[in-house]
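The numbers here are math on the coordinates, done by the rules we state, and not lab data. Because the structure is predicted, anything quoted here is derived from the model rather than measured. Cβ placement follows ideal geometry from the backbone for every residue including glycine, while neighbour counts extend to all protein chains displayed.
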Amino acid sequence: MAPRPVPGPVAGVVEAWDDDEGVGAIRTDGGALLDLQCTDLADGTRTTAPGTRVTGIAAPGHHGRWRAEDVRPTP
């Protein structure tokens, strides 16, 4: 079972991404899994790639899941 994230700033790596659906997941440095939607990508591109290092904000999502908001690639 993955660790539960703490609300607030997080860093991690895009673990999965589906361009057709515009959804994916981020694995945080702490091991938590966050849902990711294309509308939460801060750069407006609506796409990303697995393996991309990112920062964002962990927030409660739907149905008890956690999501990433304001996600930005880390230089």
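Just to be sure I follow: if Rg is taken over the C-alpha atoms of the chain and Rh is the Kirkwood radius over the same atoms, what is Rg/Rh?
Looking at the chain, the ratio lands at 0.92.
Using alpha-carbon pairs under 8 Å, 6+ residues apart, how would you state the relative contact order of the chain in percent?
This gives 33 percent for the chain.
Using the 10 angstrom Cβ neighbour count as an exposure proxy, how do Leu41, Leu34 rank, fewest first?
Leu41, Leu34
Please list, in chain and number order, the residues 5+ apart from Thr48 or on another chain whose amide H is under 5 Å from its amide H, with Hs placed from the backbone.
none
Roughly speaking, what is the stretch gain from Asp20 to Asp70, that is 0.36 nm per residue apart minus the C-alpha to C-alpha distance, in nm to one decimal?
This chain segment gains 15.9 nm when fully extended.
Treating only the Cβ atoms of Lys and Arg (+1) and Asp and Glu (-1) as charged, compute the dipole magnitude of the chain about its Cα centre; round to the nearest 20 debye.
Here the chain has a charge dipole of around 300 debye.
Pull out the extension gain between Ala59 and Thr39, defined as 0.36 nm times the separation in residues minus the alpha carbon to alpha carbon distance; nm, one decimal.
5.8 nm
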